[in-house]
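Shown next, in structure tokens, is the structure this report addresses.
Every read-out reported here was derived from the displayed coordinates using simple, explicitly stated rules and does not represent laboratory data. A quick note: this is a predicted structure, and the numbers were derived from the prediction, not measured. Here the Cβ is made from the backbone with ideal geometry for all residues, glycine too, and neighbour counts use every protein chain on show.
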């Protein structure tokens, strides 16, 4: 055998050895990455389960100490007198969130229709980027702007509508307007994604039948993306119901049912922030705050289940 044959034989014998040494190293690396991923997944799962357990455990203690009926229907919230009627908190939370959906979500959906179907194509990316920036603005910034600029205008509106000099600018109406402005970018972005998934063939078919762009948008695109739009509105409602700092700055903080839309009141999240510093852990006052947190958690779970059901319907349709 010549020198060339010997060299090729030595190279061929060295290559399997190199492969044998590379395989254990690759397997070790894969095992480390797999262990890291499993650990991260377990960490998120365990922390979420612990959060649910502690909130549920303390919340149920609060419900047992006060009574579910009294907690949900009582009209007097006075922790210093061990009186916990949560109806003003629940009413303020749901009414302000519902008002935000009417004020902010409905225009956001229509704006998404315009941006997707009718806006000039060069303007569409810029419009979306602007809304992404608006959605990322911290809530305390919205609250501060509302405190400085919105409340005086709402006070003037209240005086014009009611003619009552004692009426101020803080209250449900101001909170609903603020929350509407805050959730509008989020609802708009989710609606844009829902409308973007509508097949182009449907638009072309509608145009071929002689429909105008507006008719195509409202009669074809919106109905086909309707489930995704409803999901966007659900998420907007959930964010409005859970908002804390911004609402606390404009709603007035009165622990009672409002006399009108321009009367101060409170919400679950804002009242928790106001009372938590005086509620020592393990006391009935602390457990009742956890019970009200449990109410918000139930609302969040209902929103998630509703959106999952709608999303499943969207995939199967």
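How would you rank 309, 77, going from fewest to most other Cβ atoms within 10 Å of each one's own Cβ? Write out the running numbers ahead of the final one.
Working: 309 12, 77 22.
So the ranking, lowest neighbour count to highest, is 309, 77.
Can you pull the one-decimal nm distance between simple spin-label points at residue 300 and residue 83, each 7 Å off the Cα toward Cβ?
A separation of 3.1 nm, rounded to one decimal place.
What per residue convex hull volume, in Å³, comes out for the stretch 68-316 when only alpha-carbon positions are used? Please list the in-between numbers first.
Working: hull volume 37.4 nm³, N = 249.
Given the Cα convex hull of the stretch 68-316, per-residue volume reads 150 Å³.
Measure nothing fancy, just the Cα-based angle from helix 226-242's long axis to the longest principal axis of the chain, in degrees from 0 to 90, nearest 10.
Result, in degrees: 60.
Mind jotting down the distance between the C-alpha centroids of the stretch 50-71 and the stretch 135-167, whole Å?
The stretch 135-167 and the stretch 50-71 have Cα centres separated by 35 Å.
Taking the Cα atoms of the stretch 189-231, report the difference between the largest and smallest coordinate on each principal axis, in whole Å and largest first.
Rounded to whole Å, the extents work out to 31, 15, 14 Å.
Report, to the nearest 10°, how far helix 284-316 tilts away from the longest principal axis of the Cα atoms in the chain, using its own Cα long axis and a range of 0 to 90°.
Compared with the principal axis, the helix lies near 50 degrees.
Provide the FRET efficiency to the nearest 0.05 for the residue 137-residue 94 pair, computing r from the beta carbons and using R0 = 22 Å. Let's see the in-between values first.
On the way: r = 25 Å, r/R0 = 1.12.
It comes to 0.35.
On each of the three principal axes of the Cα atoms of the stretch 84-127, give max minus min coordinate, whole Å, ordered largest first.
55, 15, 9
Taking R0 as 30 Å, what's the FRET efficiency between residue 208 and residue 130 from their Cβ-Cβ distance, rounded to 0.05?
Efficiency for this residue pair is about 0.35.
Which shape class applies to the stretch 214-317: rounded if a/c is under 1.5, otherwise prolate when a/b exceeds b/c and oblate if not, where a ≥ b ≥ c are the square roots of the Cα gyration tensor eigenvalues? Present the calculation step by step, with values, prior to reporting the outcome.
On the way: a/c = 4.17, a/b = 1.94, b/c = 2.16.
Oblate, since a/c reaches 1.5 and b/c is not below a/b.
Rounding to the nearest 10 and keeping the result within 0 to 90°, find how far the Cα-based axis of helix 3-66 lies from the longest principal axis of the chain.
Helix 3-66 sits roughly 20 degrees off the main axis of the chain.
For the stretch 124-164, just run the numbers: alpha carbon Rg, then divide by 2.2 N^0.38 Å, N being how many residues it has.
On the way: Rg = 15.4 Å, N = 41, 2.2 N^0.38 = 9.0 Å.
Cα Rg divided by the expected 2.2 N^0.38 Å: 1.70.
Taking the Cβ of each residue in 156, 61 as the centre, tally the other Cβ atoms inside 10 Å and list the residues starting with the fewest.
Working: 156 11, 61 17.
Lowest to highest Cβ neighbour count: 156, 61.
Counting other C-beta atoms within 10 Å, which of 193, 204 has the fewest, and how do the rest follow? Please list the in-between numbers first.
Values: 193 16, 204 11.
The fewest-first ordering by Cβ neighbours comes to 204, 193.
So which residue, out of 102, 247, 288, gets the largest mean-square fluctuation from a GNM of the chain using Cα contacts under 10 Å as springs?
So, out of 102, 247, 288, the one fluctuating most is 102.
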